[in-house]
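Here the structure comes first, spelled out in C-alpha cells, and everything after it is commentary.
The values are calculated or read from the model by the stated rules, or taken from the named source; none is laboratory data. Keep in mind the model is a prediction, meaning the values are calculated, not measured. We place every Cβ from the backbone using ideal geometry, glycine too, and count neighbours over all the protein chains shown.
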Amino acid sequence: MEERLQKLLSAAGVCSRRQAERYLAAGRVTVNGQTAVLGQKADPARDKILVDGAPLSGPGAPTYLMLHKPRGYITTLSDEKDRPTVADLVADCPVRVWPVGRLDWDSEGLLLLTNDGALTHRLTHPSHQVEKEYIVTVSGDVDAALPILEGPMELDGQPLAPAQVRALGGDRLCVIIRQGKNRQVRRMCALAGLEVIRLKRVREGPLSLGSLPRGRWRRLTAAEVSALRDL
C-alpha cells in the first residue's frame, strides 16, 4: 500500500516525520533510482526506497525505555541549536526510539522512550489523563499556595483537571497532574505565588523512577509494558 515517504521513513525508524521532510528537501531519498520529492508516495513492497543510498528497512520490534533525564537536555531527537538532547543519552540503544511526551530543559526525572506509536498515542492523548507525579522544590509561601494549587485553576483560558498537591516539608511539594500542558506545573506554581527551583518527575502512570541513576536508561520489563497498555 502506498504511503507518504515521510511516514514510511518514520515507521522504519530512520528519523522523525519532520526530519524526513528535511531529508527529502535535501535530495537524500530516492525511489526506484529517482530523487524523491516532498509529498511523494511509495509502496515499500513494490518500490526500491533508498536513504543516503541505503535500503529502507521495515519497522523494528517494539522497544521501551525508561530514562532518568538530567537537567540541561532537550526532549527531542535533534536540535537546530546543537544543544544536548535526550537522543544523546540513549545513543547506545541499538534501536531508534522517540520520547513519549516532554520534560523541559530545566526539568529532570522519568522520561519514557519507545518506537511504539500506538502506546505513545495512548500515553500522551489528553483523553487518557495519565497521572504524572513530580517532586517540586519551590521558593515562596507554601502554606498560602496549597489551597490555590488544589483548587480550580485555568491555563490558556481553559480549566485544568484538579491536581493532587501535598507538602513534603520545608520547600518541597508533591504534585500529581493528569494533563500535559506546556510547563504546566511551573505555571501552576507561578499562579500560586511560588517560584520553582527544581522539578523532578518521579512517576508516570504505574511506573516509578526508583533508583535509576541520573543520565542512565534501562529497558522496561514485560510487566511494566503490560501495565502501560492496561491504562
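Remarks
- Given (1) closer than 21 Å to K132 by Cβ; (2) hydrophobic (A, V, I, L, M, F, W, C); (3) surrounded by fewer than 17 Cβ atoms within 10 Å (Cβ to Cβ), index of the condition A26 fails: (1)
- Qualifying residue in the stretch 83-100 (condition: within 30 Å of R229 (Cα to Cα) and basic (K, R)): yes
- Selection from the stretch 94-109 of residues that are basic (K, R) and closer than 14 Å to R203 by Cα: R102
- If you go through the stretch 124-170 and keep only what is touching an Asp or Glu at 6+ places or on another chain (Cβ under 7 Å) and among the hydroxyl-bearing types (S, T, Y), you end up with T137, S139.
- Looking across the stretch 212-231, the residues that are surrounded by fewer than 13 Cβ atoms within 10 Å (Cβ to Cβ) and part of a loop (DSSP other than H, G, I, E, B) come down to P213, R216, T221, D230.
- Odd one out for E21, checked against (1) surrounded by fewer than 16 Cβ atoms within 10 Å (Cβ to Cβ); (2) charged (D, E, K, R); (3) more than 24 Å from R214 (Cα to Cα): (1)
- Residue within the stretch 172-191 that is of a type in the set (S, T, N, Q) and farther than 19 Å from D104 by Cα present: no
The rows are residues; the columns are (1) without any contact (Cβ under 8 Å) to a residue 40 or more places away in the chain; (2) of a type in the set (G, A, S); (3) surrounded by fewer than 16 Cβ atoms within 10 Å (Cβ to Cβ).
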site	(1), (2), (3)
T35	yes, no, yes
R46	yes, no, yes
A61	yes, yes, yes
V86	yes, no, no
L89	no, no, no
V138	no, no, no
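- For the stretch 107-145, the set of residues classified as at pLDDT below 95 and of a type in the set (K, R) consists of R122 only.
- All of L209, L194, L173 fail the test of being free of Cβ contacts under 8 Å to residues at least 40 places away in the same chain and either loosely packed, with under 15 Cβ neighbours inside 10 Å or within 14 Å of Y134 (Cβ to Cβ) (or both), apart from L173.
- Condition check for A161: in contact with a Gly (Cβ under 9 Å, 6 or more places away or on another chain), assigned by TED's automatic domain parsing to the domain that holds R186, under 22 Å from M188 (Cα atoms) and not in a strand (DSSP E or B): no
- Any chance T137 is under 22 Å from L207 (Cα atoms) and touching a Gly at 6+ places or on another chain (Cβ under 6 Å): no
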